[in-house]
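Colleague: Below is a structure I'd like to ask you about.
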Amino acid sequence: MPCIMGVLKAWWNSILAKKLQSCIVSTPWFMPTCIVSCQQLAPSAVSWLKAEECVCICMLQAARISALGRITSSPLPSIQYTLLFASTYAPSNPTFVAIEHETTAEALAIGDSNPALFSKRDTSACPGYKVVYKQDTATGFAASLTLAGTPCNVYGKDISDLKLDVRYDSKNRLQVHVQDTAGKQFQIPSSAHALNNGPGVSSSGSSLKFNYFQDPKNGFGFKVSRGKDTIFDTTGHPLIFEDQYIEVTSNLPRDANIYGIGETPDWFRRSTTNNTKTLWAHEASSILGQNVYGSHSIHMELRNNKFHGAYLHNSHGMDIVLDNNAIQYRVLGGTADFYFFNGPTALDVIDQYTDLVGRPGRIPYWALGFHNCHYGYANVWEVEEVVANYSKANIPLESQWADIDYKDRFLEFTFSPTNFPLSEMQRFIGQLHGNNQKMVLITHPSVHRNSSYGPYARGKAQDVFIKNPDGSDYVSQAWPGYVLFPDWFSANANDWWAGEIARFLDQLPLDGLWLDMNEASAFCTGSCGSGIPEEVIPPFPFDLDPPPPHRPLNTSNTLLVPPYAIHNREIELSDVTIETTAVHANGATEYSTHNLFSYMHAKASHNALLKYRPNQRPFLLSPGTRPGSGAFTGHWTGDNAATFKDLHITIASMLDFGIFGIPMIGSDICGFSGDTTEELCARWAEGRCHTNYIAGSPWPRLAVVPWASGYTLLPYFYTANQYAVEKGWPIARPLVFEFPSASQTVGIDTQFLIGDGVLISPVLTEGATTVDAFFPAGVWYDWYNYKAIWASSNVVKLDAPLEHVNVHIRGGKIIPAQVPAMTTAESRKGSAEGKLYWDDGETLSTAHRWVSFAYHDYNLAISSTSGSYTVSPPLTKIVLLGVGGVTSVKANGVSVKAKFTTQNNSTVIEGLKISLSANTKIRFA
C-alpha cells in the first residue's frame, strides 16, 4: 500500500479548526490507529513545525469529507484516502508541503489559496507529434499529425494519428482544432450547442497569424501572434493527445495579467503561481478557489495595454493550471478545439467571444429591480407578510421568490396543501400582479420515481430519462427521494419538459423560474435507487449519524476513476452528481457530457417559456452555467456565507461572469449560510446595483439605505444591458477594462464600473466608515452632491457611513436616469435624462428606440439614431456636472421655462418637458 502523507502548515479556517480538535490517524508509517489531539501530534510527530503551528493530520479510509481535502495516487490503489487538515490559527500566506512515498501521487489542499503544489507524472519525455501532410485552404489549412516517437501513454493511450485544422474564422478570431483522425473522441454536438462560426477569411485578412514548428525534442508546436506580440506559444512543451488525457501548454510572461476561467470563486485577477482551476460542475457552497456550479474555459490576458483571449471548446472535466510562467490545459478527453480572440480591448474580446458562443438574451425590464428570496418560509401567509413589510419600510420590491418550501413533499410542479395551498398561491400572485410585482419559484430538473406521479409517468412513457449502461433507468436520490434525470439528448425530452412547465404555469401564472440543482446535483453516488421498490423513500444521507460510507473505488473502470485525477472537490467525479458511466440517447456517457447538463436544461426551459408565452421575454436564473448559457439564463453565485469576505468574492465573481457572457448576475444579499448582521446586510444591499437577490427579511434600519439611487439608474442599466444583447459587453466592469494603461487597475476588484460611466466604491470591511477608492485620471462627480474629484490615478479616502454607498459619475459621460418608484413599472412612467435605449421592456417583438445625446459647449443635441418606439417619459431634468451658472435654456430655438439650481459648480435644470422621440437641439446660457 503506498503511503502518502500531506502536511498543511499553519492554515485553516478557525471555525473548522474548532470542530477538528482531534482526528483518527491510521497508517503504518505514522503510528498505530489512535485518537490524538493537535497539540499532542504536532510537536512530537512533526517536529519541524513551530510550536504555535498546531496541525492535525488525518487519514480516514473511505471517508466522505472531501470538502476539506483529498489525496489520490495514480494509478489509484484499491483504497482511497481523504486528508483532513486543521490549524489553530490562520496566517495570511499558507504553505503546503507534500511528503509522498510514491512519485505518481497527486495531492490537493483545499483552502484560501488553492495551491497546485502536487506531483504529476512526468510528461516532458513524451515525443509529441510531427506534421506529415499539409493542405492549404481558402481560410487556412488542414494537416495530418502523427506520433513522433514511442508512445508515453502517461494517462491513457496515446492516439497516433491526429488531424489539425487551422481556420481564420473571422478578421479577429482564429480556430485551431486538433482532433483524432478516426473521429472517435467525443465532441460537443451542434444539437447541444451550435457555435456561430464566422464565414472565414484568408490569412491576409486576419489580424491573427498562425505559425507551426517542429522541435527536435518536443515535436509539433505552434504560435499565435498579433502583430509583434505572440499571444499563444507552445514552445518547449509537447502536445499530449490520449484517449482520456489531452495536455496543451502555452508560455506566459512573468506575472501575467490573467482573467476568467471558472467557475471557481476567486479574486478577479488570477494568480499565476501554483494555481489550478478545475472545471467540473459541482453544487456546493462557495470555497475560494474550488470548482462550483459552472464550467468556463475562456480566459483573457492583458499584455502591453492590450487584451486578447483564448477559449477551449470542450465539455470534459479539466484542470487549467497557471504556474511556471505558463498556462496548461489538462483535459479528460475530447479534442483540443481552441479559439483565439484578437481584442485588442477587453470589450472587443468579449464581443468576439459571445458572438461565437451566444450573446446574452434579452431580459424583461422588471428583472433589473429588487428581488426577495429566503429558504425556510413556513407558509404562504408568512411570505405575504414579508412583502407587506417591504412596503411599510418603503423599500422597493420587484418580485417575491420561494424556495423548495412551497412544494408538496419536495415534488416538482406541486404545492403543499397545508402550507402553500394552490388556491392561496393563486390569490397571492394575483395580489402581486395587481401591484406590478412578480413571483418566481424554484424548480429542479430531477423528477420523483413514482408511477402515480404525472411528470414521471409521462416522461417514462416518452423515454426521456438517462440510462444505466445496461439500458435500465438511472435512479439517483434528491429532495423527494429516488429520482430520475432528463436526458436532454433524447428525442422527446424537450417537448416533455415544455409540457410539464406548461401544466405548472396553467396552475399558477409565474413570471419566471429559478432553476436549481442543475449541475446536476444528487444526494448519492451512482444509481442508488436501482432495484429498490418505488414506494421506498430513503432518508437524507446528511441526516444520518454516522454518515454512510463511501463506496469502494472501482479503479478498473477509467470512466469512474480516470488515470488523471482533476482537482474536483469530491472523492469521485460521480459524487453528488450523475455517475460518469450513465448513458445518453446519443450513446455518449456522462463522463463526456456532464458540463453540458445545465446549459441544455436552461435552453430547454427557455424554449418552454417561449412556447407557452411566444412573445414574452423569459426570465430564468440558474446556478449551473457554461459558455453560451447567457443566451437563456441569468446566474446567481450560489450558497455564499454571511461574511464580508463573501461580499468581496461576489464582486469578483460578478466581474468573472461579465467575461463569461452572463451579465445578469447577482448573489444572496446578506449571505445564505450563517448568521448575518445588520451592518453586513446594509453594506451588501447598498451595492444592490450589482447584486439583485436578497435572502431574508429587511431590518427596519435598511429603509435608510439609498435604494432610490439604484432605481433612478435603471434606464442606464437597461441601456447597458442592450449593449450586452448586441455586443456581449458586461454591465458591471472592472476598472482595468476601461483603464488598461493604468497599472493600478489590473488587480482591483473592490470597486467596479456600471457601464463605462458610473463608479461604485462599496465598503467591504466590517466596522469601516471610510473607503479608500482608486480614481483613474480625469474628473469624477459625486452622484449625490455633484462635487468634483480631479484625479490623477490616485487613491482618495471617502466617507462611508452605514447608510451611504459611494457612487461617482465619470466626466464626459451622459447618464440616463428616471424618477425612482417602488417598482420598475411605476418608474417607467417617470422622467429620463441622458442617453438611453428604450422599448416596452417585456416582449420580443417590441419596437425600440436608441436615443443619442451629444453635449458640447453649452449645446445638447438629442437625436433618434434608430427605431420607432415612442418614448413616453419626457426629459424633465438635466444635470450639467461641472457647468455652473446656467440660467436659461432653449429647445430648437424656443425659450423653455425651467427651474435652475447651482450646486458645487454644477447646474440642475428641472421642470422641463422635452420629447425623447423627436430630434431636439438644446442651448444653455
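The values are calculated or read from the model by the stated rules, or taken from the named source; none is laboratory data. Because the structure is a prediction, the values reported are computed rather than measured. Counting neighbours? That spans all protein chains shown, and the Cβs are built from the backbone with ideal geometry, glycine included. Protein only, heavy atoms only, side chains kept; ligands, DNA and RNA dropped before computing areas. Shrake-Rupley method; radii C 1.70, N 1.55, O 1.52, S 1.80 Å.
Colleague: Using only C-alpha positions, report the orientation-averaged shadow area of the convex hull of the stretch 604-655, nm², one decimal.
Modeller: 4.5
Colleague: So how far apart, in nm, are the two label points at ASN153 and ASN785 if each is 7 Å from Cα heading toward Cβ?
Modeller: Output for this residue pair reads 7.6 nm.
Colleague: Just to confirm the filter: which chymotrypsin sites (Phe, Trp or Tyr not before Pro) across the stretch 710-785 are DSSP coil and have at most 14 other Cβ within 10 angstrom of their Cβ?
Modeller: TYR784
Colleague: I've got another one for you. Carbon-plus-sulfur fraction of the accessible area of the stretch 153-233, 1.4 Å probe, in percent?
Modeller: Accessible surface attributable to carbon and sulfur in the stretch 153-233 totals 47 percent.
Colleague: Give me the extension gain from ASN379 to THR235: residue separation times 0.36 nm, minus the current Cα-Cα distance, reported in nm with one decimal.
Modeller: Additional length available on full extension: 45.6 nm.
Colleague: Net charge near ALA773: determine it from the other residues with C-beta under 12 Å of the C-beta of ALA773, scoring Lys and Arg +1 and Asp and Glu -1.
Modeller: -2
Colleague: Could you compute the FRET efficiency for ASP122 and LYS228, with r as their C-beta to C-beta distance and R0 at 25 Å, rounded to 0.05?
Modeller: Working from the Cβ atoms, E equals 0.15.
Colleague: Another question, then. Hey, rough spin-label estimate for LEU802 and ARG503, points 7 angstrom out along Cα→Cβ, what's it come to in nanometres?
Modeller: 5.0
Colleague: Just in the stretch 244-326: which trypsin sites (Lys or Arg not before Pro) are loop by DSSP and have at most 16 other Cβ atoms within 10 Å?
Modeller: ARG254
Colleague: On average, how much accessible surface per residue is there in the stretch 129-344, in Å², for a 1.4 Å probe, leaving out ligands, DNA and RNA?
Modeller: Accessible area per residue: 34 Å².
Colleague: Tell me, what % of the accessible area of the stretch 440-499 is carbon and sulfur with a 1.4 angstrom probe?
Modeller: Here it works out to 47 percent.
Colleague: Gain in length, SER852 to SER472, computed as 0.36 nm per residue apart minus the alpha-carbon separation, to one decimal in nm?
Modeller: Net length gain for the segment: 130.8 nm.
Colleague: Using a 10 Å cut-off on Cβ atoms, rank the peptides 378-386, 403-411, 544-552 from the highest mean neighbour count down.
Modeller: In decreasing order of mean packing, 378-386, 403-411, 544-552 become 403-411, 378-386, 544-552.
Colleague: Sticking with this structure for a sec: Convex hull volume of the Cα atoms in the stretch 129-344, per residue, in Å³?
Modeller: 129
Colleague: Sticking with this one: Mind checking Rg over Rh on the stretch 288-437, alpha carbons, Kirkwood formula for Rh?
Modeller: 1.15
Colleague: Let me ask something else about it. Among the aspartates and glutamates, select those whose C-alpha is under 18 Å from the C-alpha of LYS157, and discard any that sit fewer than 8 residues away in the same chain.
Modeller: ASP122, ASP180, GLU242, ASP243, GLU247
Colleague: Are any of the pairs LYS813/LYS921; LYS438/LYS897; LYS228/LYS727; LYS899/LYS921 more than 30 Å apart by Cα-Cα distance, and if so, which?
Modeller: With Cα atoms farther than 30 Å apart: LYS438/LYS897.
Colleague: Here's another thing I want to ask about it. Between ALA777 and GLU534, what is the label-to-label distance in nm when each label sits 7 Å out along the Cα-to-Cβ direction?
Modeller: Here the answer is 7.1 nm between the modelled labels.
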